[in-house]
Amino acid sequence: MKNKNPRKMGGPPGKNKRGSSKFSMNRDPFFSNSKRRKKDEDEVIESEEEELDGGILNSGGESGEEEEEELEPEETAEEKRQRIAKQVVENLRKREKELEDEEDEEGERVFEKEGERDSFVAKKLMQQQLEDSGRLRRAIASRVQKPESVDGFEILVKHRQSVTAICLSDNDSKGFSASKDGTILHWDVDSGKAERYQWPNEEILRSHGSKNPEGRATKHSRNVLALSVSTDGRYLASGGLDRHVHLWDTRTREHIQAFPGHKGPVSCLTFRQGSSELFSGSFDRSIKIWNVEDRAYMSTLFGHQSEVLAIDCLWQERVLAVGRDRSMQLFKVHDESRLIFRSSTSSLECCCFIDNSEFLSGSDDGNIALWGIQKKKPVYIVKNAHALSTDVNNGELKDRGRNYNGHIASSWVSSVGVCRGSDLAASGAGNGSVHLWAIEGAGKGIRPLYDLPLIGFVNSLAFAKSGKFLVAGVGQEPRLGRWGHNSAARNGVAIQRLKLL
């Protein structure tokens, strides 16, 4: 078949450049359309370049306009901080404006200029920042009114066995508690409505990182000894006799991760405030650091010569830990150094930060000690802070003669707590009461405030940031053993409302 378009043949029909009439490549349609094919290829290449310019260089998309709409610049961390800061300032301004209007109606002094109000807001923000960082101590102890006999501790949440640990969310609206039977509850502070965390089966635990227990343990134990919640309220960490640190999602109450590594029971946990770093102390005499966002192990701190019983941490990378080796140690993680504080008691049972330079501890001889970062010995000691009451001695406490290292278990100071950034503290034992204390400035001492009746072993204490209530984890037995038993106690979480002037 002949091609009817002579212009695309490259020459007259029947002849080629070699003069051959039998066969001509120009007559073949494939070769005859070579220029057109080349032109088409060029067009395709040009269209690819256009697509490259409009698509790939604009990070994909059908058109530039759609791409601009889809890929709006995301908010960076710095922009988010600025937005939140501006929002806080605006809220404070509105609040001060409302107070100014109320004072104006009452005939009191009002701000004369807008700049005066802004100056007052700036001072208030600076004071709040200093209080949150621990550089300024709030005076709350002097404002606490004496609780009436009717307004005692109320059981907010019930547990089947002794409560071993409690913690509060950063906004003080939610609380978490754990007991010896492995039950973990998530409850509302106002209503007391509780929801239970469900432990996954062994197969899911292994898929989340759990390993077979080492040493004498033959199976995973559900006994929980420690709890801690992150500052943003997203993660809850638990630890116990199974030698693992378990991570939970507080929004769904589901198990996320299991961190193995400890060779002994996990006795204490704490998050560094404002970060995703988690510290865990164990009977294996070590403290491990984890990153919960990356689900990764970071480092191990050594120094204690016996079991680590309690740890605490503020905003800085400093961990305070006590143990049965009669020492309290302050680990400076960033500097890879530590300070050792010696105690004359046989065992320090609990500790907590007051601020970055002062600490509080309780021991098994019934003493409460105030420490300063400049001295290796206690600055002030309250001896026999939790003496046995008459009611307890008259029969409510069974097996009270059982002791450990020469001290009756019910008089041990098993828990201490401080209202963050303030001078208000509390301590608990098994003698039937919780004591409130006022911490004097500049290491002057500890002044007793009030005694709050509470029957049972107070194994954990937590203050609200506002100082308006105190929660206690109470049980019939001590947290780490069974060397005492009080059958009159109720296992659960008790709350004490505090009235401030």
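Just a few scattered comments:
- Matching residues, region 236-273, being under 16 Å from the mean Cα position of the chain (by Cα), of a type in the set (Ser, Thr, Tyr) and assigned to a strand (DSSP E or B): Ser238, Thr270
- Inter-residue pairs, beta-carbon under 6 Å, first farther than 19 Å from Arg479 by Cα and in region 296-325, second among the basic types (Lys, Arg) and buried (at least 18 other Cβ atoms within 10 Å of the Cβ), 6+ apart: Thr300/Lys288; His304/Arg285; Cys313/Arg272
- For region 458-495, residues that are touching an Asp or Glu at 6+ places or on another chain (Cβ under 8 Å) and open to solvent by less than 10 Å² (accessible area, probe 1.4 Å) total 5.
The values are calculated or read from the model by the stated rules, or taken from the named source; none is laboratory data. Computed from a predicted model, the values in this text were never measured in an experiment. Please note: Cβ atoms are built from the backbone with ideal geometry, for glycine as well, and neighbour counts cover all protein chains shown. Heads up: the accessible areas ignore ligands, DNA and RNA and are worked out on the full protein's heavy atoms, side chains in. Shrake-Rupley method; radii C 1.70, N 1.55, O 1.52, S 1.80 Å.
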